[in-house]
RNA sequence: GGGCACGUAGCUCAGUUGGCUAGAGCGCCACAUUGACGUUGUGGAAGUCGGGGGUUCGAAUCCCUCCGUGCCCACCA
């Protein structure tokens, strides 16, 4: 089969992926290895397109899974898609708005169905993109986060938690986005520094004996306070505790001054208002002191009916100005200071988060977190980079209870029903498709909320493996690896660990690998709004899928952000092309020997040498993969393919061809390269006559082969001679000098090779004893290049530079060796090595000195 | 306020428990080349390893400190 001179990825990639998928090679099967290797793709948003972050994820994960598959392990890579509750809902609600509709125009069921259809329509995009990236996932195991098995397991877990007393329903201050109309967990709130004011407001004492001044950033909430409070230790206010003050803007409603440790005496005036309905700390204070919980701000972000008539219905921003004005008018505004503090905002729309008192479902985190910390400290999970383990432990040890209720229609309905007669009576029931149910003659109404997405995706590792009785769960759990971005370490990884331990009793995965973010030239994260995104598909269509994967893996290290620009893919494209042309050369040489068995049958020195390089590459790649140093693994294969195989062995093959060796080397090289460049390697494999109908993706990693160490050493010498000859001819700018030698059988035997690769006029045995030209001073042979004295003179300076370097090296080494502390403290082997090196350097220096003298003498004549 | 990471050639990055003259790719310069590949080959130039101090026979690597960059957590009204 004749191959075109350049690899054209677009011509083959589609067919190659179809071949893999149809042949079932991505299904796990043990081939000569008892172990398994398993991981799940972090499910991308079913509704969206894949971005460079996904390409990075796939490049890392797929290279690993392909490597382990080639090891013969039962490799399982589970694909999936995320319904991405809130994320998708935001997109859909925008779409509704564009159509002039809103969520209030439809029932919850209707909305759910609409979004479902919407997602189903878009889902094919990312599936096609995942194939384009070459992800070796088993599509028959595809899991969607709204599949019945996911919902079922989520419900079981919720029920178990309910029964174990880990779930409670309570009124708590939650983070509420008034734009999106839902609450968030703490982690979904972003904090931003904002410049505002600190308003000092006077509260007149009820008995007319003076006033108390408080400082606040939120004057709009000063229209309905529960109390004022001071620190019990604060001498300034001790006499006021228990007294009452008038609320400045609320007529006839006096409030008490209480004492609570929570107050910081050094901040502001040392007096604070208590606003239990809108501040988590105040809420706790109010509970301790039996104060009323007043709702001042509604879920729409407007002042409620619990405030004086004139402020009702105002937005927070308007109310703030109005209240300040009113206070000013009343002469109660004492001072306005500039103040900068951070404000919680919705991570999606930037609306300021209102802390509101809401009834929600909470998970008690402390027992779950404690267990997770224990297992982490016991070293049950390896982290790359390893400092992320400490980070996650720190997070877990400060974790607060988790609000899992979301007030949106898109997600897994919470399987809880409330007694219509008794608001405190909640029951678990999975009949969520019913709006109300009857149990024991009592009527119950369904909770309209859905789970936080992370509640279900936190169970991903075992849900996808069909916990508890599925075969995959028995054979592939815990997962070998969880690979994802470090930005969801807390949201996702931490929750998977806690839930995995809680539900299955085991850690859900043995290793966590966290990649950084793809950033642009200025270090900015790629995002649509910044317009700095590269699309994986565009890169693939221009350079090829392998090129994208290599471009993104090269220079990748866990935990660090990385820059990507399209030009990075050129390196990968060139590598693929190099493999392609190596294959063309090999197939040309092997020619019609279709019966050829590709076994290593080394005969020449080059044959033995390349086998030693191949063994070395294979071992080093394995080591790097086992240590999750993927970029390093790529560097090893790159340098083997390019510099050992192509630059030396293939060149040497032009002098002496060994077809069975070439076939064997091509086979092995394709296997070693496959994890990085799956498409081009498989494309080539499919053209190999001697491999029949087999598929590269499920071959086995090459085994170490025998070679002759002496032959290897000799070939290294040949390389040395060739390299030195190149240096000299290059430095002198001379054409193709002849190489003469005396009693150097190696040079004699490899004369043709040396002549060709060293670009020489020939390698000839010297006649008689006369030597002329330049001696090879590096190689240690009695051999010299036939170069006339005039040209040699030009070379003198470069030789003298070498002389100086060599002298300095010797001096430095001698200084080291003669240092008594070095001799006594450094490892013996190292000291011996230094001595040996001095000897070696001295010999080479002598040879160099002689050569210089000779040239000088020749010139003088 | 607390924590983490990073700073190595013009650019992107390696550099494992301290150990030989600090590496790679890209870019740059020069040269070569008629059959695997110009997506090529050969050779070369290029680094105060962010600054300073310390430990050590020996530091890019360990410690201290300062500077710069990025991120995370918490948030006192």
query: In the stretch A:279-290, which residues are more than 7 Å from RNA strand B (Cβ to nearest atom) and out of contact with any helix residue (DSSP H, G or I) (no Cβ under 6 Å at 6 or more places or on another chain)?
result: A:284, A:285, A:287, A:288, A:289, A:290
message: Regarding the stretch A:356-364, can at least one residue be identified that is within 12 Å of RNA strand B (Cβ to nearest atom) and surrounded by fewer than 21 Cβ atoms within 10 Å (Cβ to Cβ)?
response: no
Exclusive hit being buried (at least 16 other Cβ atoms within 10 Å of the Cβ) and out of contact with any helix residue (DSSP H, G or I) (no Cβ under 7 Å at 6 or more places or on another chain), set A:382, A:449: A:449
field: Members of the stretch A:720-742 found to be in contact (Cβ under 8 Å) with a residue 60 or more places away in the chain and crowded, with 22+ Cβ neighbours inside 10 Å, listed by number
entry: A:721, A:725, A:728
Those residues of the stretch A:331-350 which are under 29 Å from the mean Cα position of the chain (by Cα), exposed (fewer than 15 other Cβ atoms within 10 Å of the Cβ) and away from RNA strand B (no atom under 14 Å from the Cβ), in sequence order: A:349, A:350
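So, residue A:677, is that one within 11 Å of RNA strand B (Cβ to nearest atom), surrounded by 24 or more Cβ atoms within 10 Å (Cβ to Cβ), over 18 Å from residue A:600 (Cα atoms) and under 29 Å from the mean Cα position of the chain (by Cα) or not? Even if it seems obvious, please write down each step before you answer.
Values: within 11 Å of RNA strand B (Cβ to nearest atom): no; surrounded by 24 or more Cβ atoms within 10 Å (Cβ to Cβ): yes; over 18 Å from residue A:600 (Cα atoms): yes; under 29 Å from the mean Cα position of the chain (by Cα): yes.
It is false that residue A:677 is within 11 Å of RNA strand B (Cβ to nearest atom), surrounded by 24 or more Cβ atoms within 10 Å (Cβ to Cβ), over 18 Å from residue A:600 (Cα atoms) and under 29 Å from the mean Cα position of the chain (by Cα).
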task: For residue A:655, work out the one condition from (1) farther than 30 Å from residue A:54 by Cα; (2) touching a helix residue (DSSP H, G or I) at 6+ places or on another chain (Cβ under 6 Å); (3) not in a loop (DSSP other than H, G, I, E, B) it doesn't fulfil.
output: (3)
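Scan the stretch A:237-249 and tell me whether some residue there is outside any strand (DSSP E or B) and on the phi > 0 side of the Ramachandran plot. Even if it seems obvious, please write down each step before you answer.
Filtering the stretch A:237-249 down to residues outside any strand (DSSP E or B) leaves A:237-243, A:247-249.
Retained after the next criterion (residues that are on the phi > 0 side of the Ramachandran plot): A:242.
Scanning the stretch A:237-249 turns up at least one residue that is outside any strand (DSSP E or B) and on the phi > 0 side of the Ramachandran plot.
What residue, of A:141, A:113, is over 26 Å from residue A:535 (Cβ atoms) and surrounded by fewer than 18 Cβ atoms within 10 Å (Cβ to Cβ)?
A:113
Where in the stretch A:362-436 are there strands (runs of 3 or more DSSP E), lying fully within it, with 1 or more residues that are farther than 30 Å from residue A:88 by Cβ?
Hits in the stretch A:362-436: A:382-384, A:416-419.
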Hits in the stretch A:313-323 - residues which are more than 14 Å from RNA strand B (Cβ to nearest atom), surrounded by 14 or more Cβ atoms within 10 Å (Cβ to Cβ) and assigned to a helix (DSSP H, G or I): A:318, A:319, A:322
field: Test set (1) on the phi > 0 side of the Ramachandran plot; (2) in contact with a strand residue (DSSP E or B) (Cβ under 6 Å, 6 or more places away or on another chain) - residue A:743 fails condition number
entry: (2)
message: Which of the numbered conditions does residue A:538 fail, given that it passes all the others? Conditions: (1) in contact with a helix residue (DSSP H, G or I) (Cβ under 7 Å, 6 or more places away or on another chain); (2) closer than 18 Å to residue A:58 by Cα; (3) more than 11 Å from RNA strand B (Cβ to nearest atom); (4) at pLDDT 90 or above.
response: (1)
message: I'm checking my understanding of the structure. Among residues of the stretch A:743-768 that are surrounded by 15 or more Cβ atoms within 10 Å (Cβ to Cβ), modelled with pLDDT under 90 and over 18 Å from residue A:727 (Cβ atoms), which one is farthest from RNA strand B (Cβ to nearest atom)?
response: A:766
message: Filter the stretch A:189-208 down to the residues that are near RNA strand B (Cβ under 8 Å from one of its atoms) and within 30 Å of residue A:243 (Cα to Cα) and list them by number.
response: A:198
query: Any idea how many residues of the stretch A:617-630 are free of Cβ contacts under 8 Å to residues at least 12 places away in the same chain and either away from RNA strand B (no atom under 11 Å from the Cβ) or in a helix (DSSP H, G or I) (or both)?
result: 2
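Just for the stretch A:250-278: of the residues that are within 15 Å of RNA strand B (Cβ to nearest atom) and assigned to a strand (DSSP E or B), which one is nearest to residue A:171 (Cα to Cα)?
Out of the qualifying residues, it is A:274.
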task: Assess whether residue A:154 counts as being crowded, with 19+ Cβ neighbours inside 10 Å, outside any helix (DSSP H, G or I), in contact (Cβ under 8 Å) with a residue 24 or more places away in the chain and in contact with a helix residue (DSSP H, G or I) (Cβ under 6 Å, 6 or more places away or on another chain).
output: no
message: Any residue that is within 16 Å of RNA strand B (Cβ to nearest atom) and closer than 30 Å to residue A:707 by Cα - is there at least one of those in the stretch A:556-574?
response: no
Among residues of the stretch A:406-417, those that are more than 15 Å from residue A:103 (Cα to Cα) and buried (at least 24 other Cβ atoms within 10 Å of the Cβ), counted: 2
Unmet requirement for residue A:649, which otherwise passes all of (1) farther than 21 Å from residue A:710 by Cβ; (2) modelled with pLDDT of 95 or more; (3) more than 8 Å from RNA strand B (Cβ to nearest atom): (1)
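Test residue A:589 against the stated conditions and say whether it is in a helix (DSSP H, G or I), surrounded by fewer than 22 Cβ atoms within 10 Å (Cβ to Cβ) and either at positive phi or modelled with pLDDT under 95 (or both). Steps first, please.
Working: in a helix (DSSP H, G or I): yes; surrounded by fewer than 22 Cβ atoms within 10 Å (Cβ to Cβ): yes; either at positive phi or modelled with pLDDT under 95 (or both): yes.
Criteria met by residue A:589.
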message: With the requirement that a residue be in contact with a helix residue (DSSP H, G or I) (Cβ under 7 Å, 6 or more places away or on another chain) and surrounded by 15 or more Cβ atoms within 10 Å (Cβ to Cβ), what does the stretch A:231-263 give you?
response: A:248, A:249, A:257, A:258, A:260
- prompt: Of all residues in the stretch A:501-510, which are within 25 Å of residue A:60 (Cβ to Cβ) and surrounded by fewer than 18 Cβ atoms within 10 Å (Cβ to Cβ)?
  reply: A:506, A:510
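The values are calculated or read from the model by the stated rules, or taken from the named source; none is laboratory data. What you see is a predicted model; the values in this text were computed from it and never measured. All Cβ positions, even for glycine, are placed from backbone atoms using ideal geometry, and neighbour counts span all protein chains on display.
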